[in-house]
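**Q** Pasting a structure here, questions to come.
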Amino acid sequence: MPDAPETNSTTPLYTDEDHGERIDEFLDTVLEAAKLELDYTVGQPTQYDPDFDRPDLMVDFFGEDVDLLMANKGELLLALEHLTLEMLRIPSEHHARIAFDCNGRRLLRMRELRMTAQAAADKVVDTNQPFAFNPLNSRERRVLHIALRDRTDVRSESASSQYGRYVVIYPASMQTPEVAPPPPGPFAPRGGRPEGSAGSGPRGEGGRPPRRDGGGRDGGGRDGGGRDGGRDGGRGGRPPRRGPRR
C-alpha cells in the first residue's frame, strides 16, 4: 500500500533556534568520533523542489571528507540524517522537514527519481508487467509516489522486504497480488520464504542499516558548551564545526 503522506505546511515546525543546538551537539560528537574532516551549516534551505520537497531545516556539509560522505550514493550522508532524526525523535511523517545535503546532491536526486519513475512507468505500460524498485527510505519512496500520482495508466504501491520498504509500479488494470514482486538484484530473495511473507523484519527505512564505527556510542562527554564558540575546541582543540548561519 502507499506510504502515509508526509505533510509539510508553510509554517515551520523545526527551527534552528529550537533544534539547532541539539543537532550541533550530536553531529560534532559523531564526526569527532569518526575522525571525519567535515563542517556544516544549519539553516533554512536555499534549494529545494517545491513539488516534492520543502524542508524547514537543511544541514549542508562541506570539507575535506565530502568524498567519503557521498560515496556509495551518499550512504554515509543518509545514515547521518537517519541517526539525527532518530536522536531528535522526529515522527516519520515529519522526516521531510529536516534534510541533509552536500554539493546539491538532494535536488539532483529528486530529479533523478522523478525521471526514473516515469521511465519505469512507461516500461510497465509497454510490458503490462509490474516493476519493483530497490529498497528506499521513506522520503525517496514518497517522491516516486508523487511523481506518478497524475498517471491513470499505472499505480504505485509500497511493499516490504527483509532489506526494507520498496515501491512497486503496477498496470492500472492489474489487481495487487497477494505477494508483491520482490526487489531486484542483490535485494532479490535467495530461496526459502518469499519476500512478501513474514520473516526477519526490515532493517530500516533505507534498506541496509547504517554502519557505525567503534561498536557503540562515544562514552565520553564533550568539552565545552553550545554553538556560539563556548567549546574549547573539543578534543584536540578543534574549533566548532558549524559554519556561518544561513
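**Q** Hand me the trypsin sites (Lys or Arg not before Pro) from the range 59-121 located in a DSSP loop with no more than 15 other Cβ atoms within 10 Å, in residue order please. Write out the running numbers ahead of the final one.
**A** Values: sites: Lys73, Arg89, Arg97, Arg105, Arg106, Arg109, Arg111, Arg114; in loops: Arg89.
Loop-located and lightly packed - Arg89.
**Q** How far, in nm, would the chain grow between Phe62 and Asn103 when pulled straight, counting 0.36 nm per residue and subtracting the alpha carbon separation? Intermediate values should be presented prior to the final figure.
**A** On the way: separation 41, 0.36 × 41 = 14.76 nm, distance 0.77 nm.
Additional length available on full extension: 14.0 nm.
**Q** Quick one: how many Å² of Leu68 are accessible to a 1.4 Å probe, rounded to 10?
**A** Counting only protein heavy atoms, the figure is 100 Å².
**Q** Sticking with this one: Accessible area, 1.4 Å probe, largest first: how do Asp56, Asp150 sort?
**A** So, going from the largest accessible area down, we get Asp150, Asp56.
**Q** Can you pull the one-decimal nm distance between simple spin-label points at Thr127 and Arg149, each 7 Å off the Cα toward Cβ?
**A** Placing both labels 7 Å beyond Cα along the Cβ direction yields 2.7 nm.
**Q** How big, on average over all directions, is the shadow cast by the Cα convex hull of the range 52-168, in nm²?
**A** Values: hull surface 32.0 nm².
If you wrap the Cα atoms of the range 52-168 in a convex hull and average its projections, you get 8.0 nm².
The values are calculated or read from the model by the stated rules, or taken from the named source; none is laboratory data. Just so it is clear, the structure is predicted and the values come from calculations on it, not from any experiment. Every residue, glycine as well, gets a Cβ built from its backbone with ideal geometry; the counts of neighbours run over all protein chains shown. Surface areas here come from the heavy atoms of the whole protein model, side chains and all, with no ligands, DNA or RNA. Shrake-Rupley method; radii C 1.70, N 1.55, O 1.52, S 1.80 Å.
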